[in-house]
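The values are calculated or read from the model by the stated rules, or taken from the named source; none is laboratory data. Fair warning: this is a prediction, and the values are worked out from it, not measured in the lab. All Cβ positions, even for glycine, are placed from backbone atoms using ideal geometry, and neighbour counts span all protein chains on display.
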Amino acid sequence: MKKAIVITDFDGTITQKDTLVGILDKFAGPKWLKIAALVRSGRLGTKIGLKKEMALCRVTKKEYIDFLNTDVKIDPTFKNFLRFCEKNKLKVIVVSGGFGLNIEVVFKKFGIPRLPYYANIIQFKGNIVKLKYPYTHKACKTCGHCKAPYIKRFKDKGYFTIYAGDSVTDRCPAKVADLVFAKHHLAEYCGEKGIPFVPYTTFGQIKKRLISKALLFHS
C-alpha cells in the first residue's frame, strides 16, 4: 500500500482561531487589518506582510505567552485524529506561516505529543519583536515560509500527500498536494482557481474522509 502523510497548517487549522490574529488584535491595533487586506489580495507577500504587522505590536514575551495560554483553543477532535494517525502509521507534520513559539506553547498547554514542525521564529527585546525566517524558499517570491517544498519532498519519496489548511499561507501547498482539505479563505481560493479540495470544519471530518480511503494506510 502507498505510504501517506498529513501535512497540516497550525493557525486556524489545528487552533480554532488564528493565534496571530488574536495577538495582532490585542497588541497591534487596527492598522494591521489594512496590511492583511493587501496580503489577501496578493499585492503584498506574506513575509513582508507579517513583518509589517508584527512591527505594530508592543508586547513582551511574557504577555505573548500569557495570551496564548489564556485565549487559544484547539480543534477538540485533533488529539483523537493524532491517535488515529498513529494507529494507522500515518505520518503527521506541522508547517506554519506563523511562529514556532506559538506551536510549542499551545501543544504543551493541551498535552499534544511533540510533532515535527517547521515555522518562523519570533524573538523579543523588551516589548519589541523581531522575526526570523529560517525556511525561506528561493523559488517562492511570496511566502516567508513556503510550504509547497514539503509536499514535493514527500511526493518524491513516494508518499501520498494530504494537506489541511485555511488561509493565504496555504495557497502554495494546495496547488501541489494529492488531497487538499480546505476551509475559510483557502476554500474560497481553491474554488476560484479550480483546485480540487474537500471542505472540512474539524479534523474529525478529515478522519472520516481518510477512513473512506483506507487503501492509503498500511495494515
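Remarks
- Residues in segment 42-61 that are in a helix (DSSP H, G or I) and over 19 Å from the mean Cα position of the chain (by Cα): 52, 55, 61.
- With respect to (1) assigned to a helix (DSSP H, G or I); (2) out of contact with any helix residue (DSSP H, G or I) (no Cβ under 6 Å at 6 or more places or on another chain), the lone exception for residue 89 is condition (1).
- Taking the conditions (1) within 16 Å of the chain's Cα centre (by Cα); (2) modelled with pLDDT under 95; (3) assigned to a loop (DSSP other than H, G, I, E, B) in turn, residue 13 satisfies each one other than (2).
- Of all residues in segment 115-133, those being in contact with a Gly (Cβ under 9 Å, 6 or more places away or on another chain), closer than 22 Å to residue 91 by Cβ and not aromatic (Phe, Trp, Tyr) number 1.
- Taken over segment 26-54, residues that are surrounded by fewer than 16 Cβ atoms within 10 Å (Cβ to Cβ) and among the acidic types (Asp, Glu) amount to 0.
- Breaking point among (1) more than 27 Å from residue 162 (Cα to Cα); (2) buried (at least 16 other Cβ atoms within 10 Å of the Cβ); (3) touching a Gly at 6+ places or on another chain (Cβ under 9 Å), for residue 22: (3)
- Residue in segment 42-64 that is more than 28 Å from residue 188 (Cβ to Cβ), touching a residue at least 40 places away in the same chain (Cβ under 8 Å) and among the basic types (Lys, Arg) present: yes
- Index of the failed condition, residue 92 passing every other in (1) crowded, with 16+ Cβ neighbours inside 10 Å; (2) within 11 Å of the chain's Cα centre (by Cα); (3) closer than 18 Å to residue 210 by Cα: (2)
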